[in-house]
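**Q** Below: one structure in structure tokens.
The values are calculated or read from the model by the stated rules, or taken from the named source; none is laboratory data. Small disclaimer: the values here were computed from a predicted structure and weren't measured. Don't worry about glycine lacking a Cβ; one is built from the backbone with ideal geometry, like all the others, and counts go over all protein chains shown.
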Amino acid sequence: MDKLKNKRIIVGVSGSIAAYKSPLLVRELIKAGAHVNVVMTPSAAKFVAPIALTSVSKNPVAMEMFDENLQNGGAWHVQLAHWADLMIIAPASATTLSKLAQGNCDTALACVATAMPRNIPLLIAPAMDFTMWDHPATQRNVEILKSYGAKIIMPESGELASGLVGPGRLPDIPVLIDNIIDCLDNKAKEKPVDAFASPKETLQDSIDKDKWNAEMELQKLKSQMNVKDSDKFLSSKKVVITAGPTRENIDGVRFIANYSSGKMGYALAKAARNAGAEVVLISGPVSINPPERVKTINVISAEDMYNVAVNEFIDSDIAIMSAAVADYTPAYPQAGKIKKSEQGEALVLELKPTKDILKELGERKKSNQIVVGFALESENELEYGRKKLEQKNCDMIVVNSANKPGSGFAGEDNTITILSKDQEVKYDRMSKDNCALKILEYIRNFGK
Ligand code: CTP
């Protein structure tokens, strides 16, 4: 949460029933040390009292462009927009999406959002009835806003105020906070834009488009299946997850590692936490932030990961081994630095096998425990995956295609097939977050 300390955040609130959650969002941001200014639409004031937002943000709330109290001799909306490190509109109604997509600035909220400098993150969390969300006009507006650089936080499926069930719910506050932190982090890592570079309508754009389509597909699926995200189906369950690479020391300054980013394991940890589980994430060295409200244990080597995993597994219900554990480690790591001058023509490293954590858990597993492994394969995927399922005594293996575009270790997406004793379910390429939801859904229906 330190990431939010002293960050300047504008919270936009528009007229959706979910507006009642906005004081909770503001309160969490303030608790984390952020400075918050709220801009709301007049319709939002029908759902949440401006005074509630003034109290929690400790700042006056802007609602009317020409409110005398806001006039400070300059363009207050532009000054406010240029003050911020990030703006989040949560909830964003269909009307507000439409106004922003069209550049229609007839509310204070639309004025501020449109005045945001283009390099400052604008996060938009739509929330509405699902027939409104599903409407082509709304979807087109979302596409337009994405093409302008806004980041959309997908609404979740569940029971809506109308009584209908489907996508449209504002995600819970921790999910909104995670998105804010991710956005601020990405912004901090961004390279400066080359103003003279030619516009890029390239691979990344088509990848983004694919991702969006996959997210939409998943939402449709969820609403067909009448799955409620609000169901905390893992509550009172302990889930142990391994993630990321391991590092095997060659000497005091060098190691053997791999390209695993840890994203898949971290996505699983967040999804399991959101489903109510007590999550223990055992992570090798990665450059992503530990998820909020997840016990994260950082380890370096395969040996460390083995020791922690075996111990945490004892009282757990589910173990998901998504780490890319080194299969071999130097047999004689040296304490200091290996000197070139002390070697002959070639340096020969002797490697010894590491302990297979997944296999160990598979052997120790009791009848009420579920063990899930991963298999990153480049050929004969299903055959090798099934072998691992048997040899490591797992309940499921998530086969991960190393060859599919955008999938694998460092990518944002994965193309997975879940194998269990008598089943094989293939999924199209989708974001790692959605793969995590699919894997948990599979575990939920596994019947143990
Ligand atoms: N795994 C593990 N401990 C190890 C090696 C692998 O727990 N020492 C786990 C991984 O986390 C993953 C699964 O085993 O869940 C499969 O890993 P993978 O590297 O694909 O398989 P290997 O058994 O190492 O076989 P190979 O590398 O030959 O495909």
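**Q** Out of all the residues in the range 327-368, which are within 16 Å of the ligand (Cβ to nearest atom) and among the hydroxyl-bearing types (Ser, Thr, Tyr)? Show your work before the answer.
**A** Initial filter on the range 327-368 (within 16 Å of the ligand (Cβ to nearest atom)): 327-331, 351-365.
Across the range 327-368, the qualifying residues are Tyr328, Thr329, Thr354.
**Q** Given the condition surrounded by fewer than 21 Cβ atoms within 10 Å (Cβ to Cβ) and within 29 Å of Trp133 (Cβ to Cβ), answer yes or no: does some residue in the range 70-84 qualify?
**A** No, the range 70-84 has no match at all.
**Q** Here's something else I'd like to know. Suppose the filter is in contact (Cβ under 8 Å) with a residue 40 or more places away in the chain, within 23 Å of Asn400 (Cα to Cα) and more than 15 Å from the ligand (Cβ to nearest atom); does Ala272 pass it?
**A** It is true that Ala272 is in contact (Cβ under 8 Å) with a residue 40 or more places away in the chain, within 23 Å of Asn400 (Cα to Cα) and more than 15 Å from the ligand (Cβ to nearest atom).
**Q** So which of Ile297, Ile320 ends up being within 14 Å of the ligand (Cβ to nearest atom) and either in contact with a helix residue (DSSP H, G or I) (Cβ under 8 Å, 6 or more places away or on another chain) or in a strand (DSSP E or B) (or both)?
**A** Being within 14 Å of the ligand (Cβ to nearest atom) and either in contact with a helix residue (DSSP H, G or I) (Cβ under 8 Å, 6 or more places away or on another chain) or in a strand (DSSP E or B) (or both) holds for just one of Ile297, Ile320, which is Ile320.
**Q** Which pairs do you get when a residue that is in contact (Cβ under 8 Å) with a residue 12 or more places away in the chain, found in the range 122-147, comes within reach of a residue that is of a type in the set (Asp, Glu) and in a helix (DSSP H, G or I), reach meaning Cβ atoms under 8 angstrom, with the pair 6+ apart or on two chains?
**A** Note: pairs meeting the criteria are Lys146/Asp208.
**Q** Specify which of the listed residues (Glu363, Glu342, Glu383, Glu303) is among the acidic types (Asp, Glu) and surrounded by 13 or more Cβ atoms within 10 Å (Cβ to Cβ).
**A** Details: Glu363 fails: surrounded by 13 or more Cβ atoms within 10 Å (Cβ to Cβ); Glu342 fails: surrounded by 13 or more Cβ atoms within 10 Å (Cβ to Cβ); Glu383 fails: surrounded by 13 or more Cβ atoms within 10 Å (Cβ to Cβ).
Step by step, each of Glu363, Glu342, Glu383, Glu303 is checked, and only Glu303 is among the acidic types (Asp, Glu) and surrounded by 13 or more Cβ atoms within 10 Å (Cβ to Cβ).
**Q** Sticking with this structure for a sec: Could you tell me whether any residue of the range 431-444 is in a loop (DSSP other than H, G, I, E, B), crowded, with 20+ Cβ neighbours inside 10 Å and touching a residue at least 24 places away in the same chain (Cβ under 8 Å)?
**A** Scanning the range 431-444, I find no residue that is in a loop (DSSP other than H, G, I, E, B), crowded, with 20+ Cβ neighbours inside 10 Å and touching a residue at least 24 places away in the same chain (Cβ under 8 Å), so the answer is no.
**Q** Given the conditions (1) of a type in the set (A, V, I, L, M); (2) under 23 Å from the mean Cα position of the chain (by Cα); (3) modelled with pLDDT of 95 or more; (4) within 19 Å of Ala18 (Cα to Cα), which single one is not true for Leu145?
**A** (4)
**Q** Select from the range 1-46 the residues that are of a type in the set (A, V, I, L, M), part of a loop (DSSP other than H, G, I, E, B) and in contact with a strand residue (DSSP E or B) (Cβ under 6 Å, 6 or more places away or on another chain) and list them in ascending order.
**A** Selection gives Ala34 alone.
**Q** Out of the range 304-317, which residues are among the aliphatic types (A, V, I, L, M) and either more than 8 Å from the ligand (Cβ to nearest atom) or more than 15 Å from Ile370 (Cβ to Cβ) (or both)?
**A** We begin by selecting, within the range 304-317, every residue among the aliphatic types (A, V, I, L, M); these are 305, 308-310, 314.
Correct list: Met305, Val308, Val310, Ile314.
**Q** Quickly run through the range 300-314 and pick out the residues that are part of a loop (DSSP other than H, G, I, E, B) and of a type in the set (S, T, N, Q).
**A** Let us first name the residues in the range 300-314 that are part of a loop (DSSP other than H, G, I, E, B), namely 300-301, 314.
Ser301, the sole residue that qualifies.
**Q** Would it be correct to say that Asp85 is over 25 Å from the mean Cα position of the chain (by Cα), of a type outside the set (Gly, Ala, Ser) and assigned by TED's automatic domain parsing to the domain that holds Val175?
**A** no
Condition check ((1) touching a Gly at 6+ places or on another chain (Cβ under 8 Å); (2) modelled with pLDDT under 95; (3) within 16 Å of the ligand (Cβ to nearest atom)) across all residues:
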{"position": "Phe196", "(1), (2), (3)": "no, yes, no"}
{"position": "Leu203", "(1), (2), (3)": "no, yes, no"}
{"position": "Ala214", "(1), (2), (3)": "no, yes, no"}
{"position": "Ser261", "(1), (2), (3)": "yes, yes, yes"}
{"position": "Arg293", "(1), (2), (3)": "no, yes, no"}
{"position": "Ser301", "(1), (2), (3)": "no, no, yes"}
